[in-house]
């Protein structure tokens with residue numbers, strides 16, 4: 001295992017006897033994107049001036065080398081879509097090892113542990129996803145090249161998983177007593193056809209949740225406050241099929257599919273609210289000398305507006321039905337039909353800028369000297385609670401990185417300690433700390 005060591009102010013990477021110093025380059029500018037309520041600002045100042053909280057923040061920097069090593073260990077445990085069990089089992093052990101004795105694997109495969117507060121207060125879920133986009137069998141060994149660490153999934157989202165473990169560690173080590181409860185989760189099914197199944201299950205099974213923070217990826221630059229919705233379908237075309245010569249004159253499932261693709265490809269969609277579509281895969285047929293009895297394509301449709309997304313779906317289905325009718329009318333024996341199989345449904349959502357969840361995240365950025373560059377809209381686990389009216393944000397886990405979803409994904413622990421530090425400050429601000437600062441997360445029930 002590659003070893004990382006660090007001090008509070010300089011993070012050296014030691015590899016093969018070479019020392020590379022990575023010095024902080026924090027921006028000192030105060031953000032101006034999020035208006036801050038004076039009461040929330042005062043509570044945040046009370047929190048950050050507390051000696052025990054300051055000690056916890058510093059401890060996260062001291063522990064950052066071991067946090068990065070944990071990130072690498074997690075990376076080397078493959079977690080293909082729908083096959084996250086091995087990583088989940090390991091993650092459960094690590095949660096328990098750090099003090100969450102009640103941690104368990106739920107029916108969906110999520111690793112969950114709750115750190116109880118001292119009394120009546122809100123319940124916050126903070127999560128990072130266990131799964132990667134990479135198929136079974138891909139090599140996930142971490143390699144070092146030219147100052148960077150490379151491996152599929154090294155940032156998305158093993159960084160987030162490691163950040164959660166670091167936060168649990170310092171809360172237990174420093175004996176921080178929160179008012180509200182904190183639920184930590186390594187969840188399944190964030191990527192691709194996982195369709196946010198892990199987070200959907202948690203919010204289905206835990207109506208007591210009042211807010212959500214997702215830690216996903218690296219490069220802590222912005223706060224995701226909006227959820228891009230998506231609808232994904234397989235358009236499945238079927239017919240009798242036959243020999244290309246002997247049965248000539250029979251309608252073809254592939255020809256019908258081609259007509260539909262041509263129609264959909266000509267769609268125009270608005271740039272604001274951004275609405276997009278793509279046909280990502282096609283399949284079908286038996287051989288070059290057969291009239292196809294079956295064919296299918298996978299269609300991804302996305303929008304930041306729920307009505308525009310619904311309109312796009314209706315247009316696509318209408319285009320496919322028209323294509324089938326045209327193919328059937330073209331030939332003597334037209335028996336093609338089409339069915340629409342839903343394979344992905346990510347709801348549209350938004351957390352208002354004035355929400356306490358957004359405000360405390362912005363304050364955490366300021367406290368740590370992070371230049372808040374944007375409030376973004378993306379497709380993350382936060383889509384689910386946002387769509388339910390539950391305040392939610394997604395922030396990154398810190399460090400530098402790139403190449404997400406590619407075999408050349410890379411990570412560099414430059415100032416990476418600010419990721420867990422930001423997560424800690426957001427959590428404690430929202431659930432409150434006894435005798436220090438009140439909870440800023442509003443209880444829904």
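Bear in mind that the values in this text are calculations on the coordinates, not laboratory data. Not measured: the values here are computed from a predicted model. Positions of Cβ are generated from backbone atoms using ideal geometry, with glycine treated the same way; all protein chains shown enter the neighbour counts.
Does the stretch 229-346 come out rounded, prolate or oblate by the C-alpha gyration tensor, with a ≥ b ≥ c the root eigenvalues, rounded set by a/c under 1.5 and, if not, prolate when a/b is larger than b/c and oblate if not?
Details: a/c = 2.91, a/b = 2.32, b/c = 1.26.
Note, shape of the stretch 229-346 comes out prolate.
Once the Cα atoms of helix 38-48 and of the chain are each reduced to a long axis, what angle between those two axes, in degrees from 0 to 90 to the nearest 10, is obtained? Tilt relative to the chain: about 60 degrees. Computed extension length for residue 89-residue 434: 120.9 nm, one decimal, from 0.36 nm per residue of separation with the Cα-Cα distance subtracted. Less than 20 Å from a label point 7 Å out along the Cα-to-Cβ axis of residue 314: which backbone N atoms in the stretch 246-282 qualify, by residue? Counting only backbone N, you get 263-278.
In the chain, the DSSP beta bridges split such that about 75 percent are antiparallel, to the nearest 5.
Efficiency by 1/(1 + (r/R0)^6): what FRET value for residue 354 and residue 101, r their Cβ-Cβ distance, R0 = 45 Å, to the nearest 0.05?
Numbers: r = 38 Å, r/R0 = 0.84.
For R0 = 45 Å, the calculated efficiency reads 0.75.
Measuring r between the beta carbons of residue 45 and residue 342 and using R0 = 41 Å, the FRET efficiency lands at 0.25.
For the stretch 282-389, count the residues as N, evaluate 2.2 N^0.38 Å, and divide the Cα radius of gyration by that value, please.
On the way: Rg = 22.4 Å, N = 108, 2.2 N^0.38 = 13.0 Å.
With N residues counted in the stretch 282-389, Rg over 2.2 N^0.38 Å equals 1.72.
Quick check of the Kirkwood formula: for the stretch 66-159, what is the inverse mean of 1/r over all pairs of different Cα atoms, in Å?
Value: 14.6 Å, from the Cα pair sum.
Percent of Cα pairs in the stretch 115-194 per distance bin of 5 Å, from zero to the largest separation: 3, 13, 18, 18, 15, 12, 9, 7, 4, 1, 0.
Length gained on full extension, residue 136 to residue 269, computed as 0.36 nm times the residue gap minus the Cα-Cα distance: 44.3 nm. In terms of its Cα atoms, the stretch 126-274 spans 79, 43, 32 Å along the principal axes, sorted from long to short.
Shown is the FRET efficiency for residue 378 and residue 287, computed with R0 = 45 Å from the Cβ-Cβ distance and rounded to the nearest 0.05: 0.60.
Normalised by the number of residues in the chain, the mean separation of alpha-carbon contacts (under 8 Å, six or more apart) gives a relative contact order of 23 percent.
Helix 418-431 and the longest principal axis of the Cα set of the chain meet at an angle near 80°.
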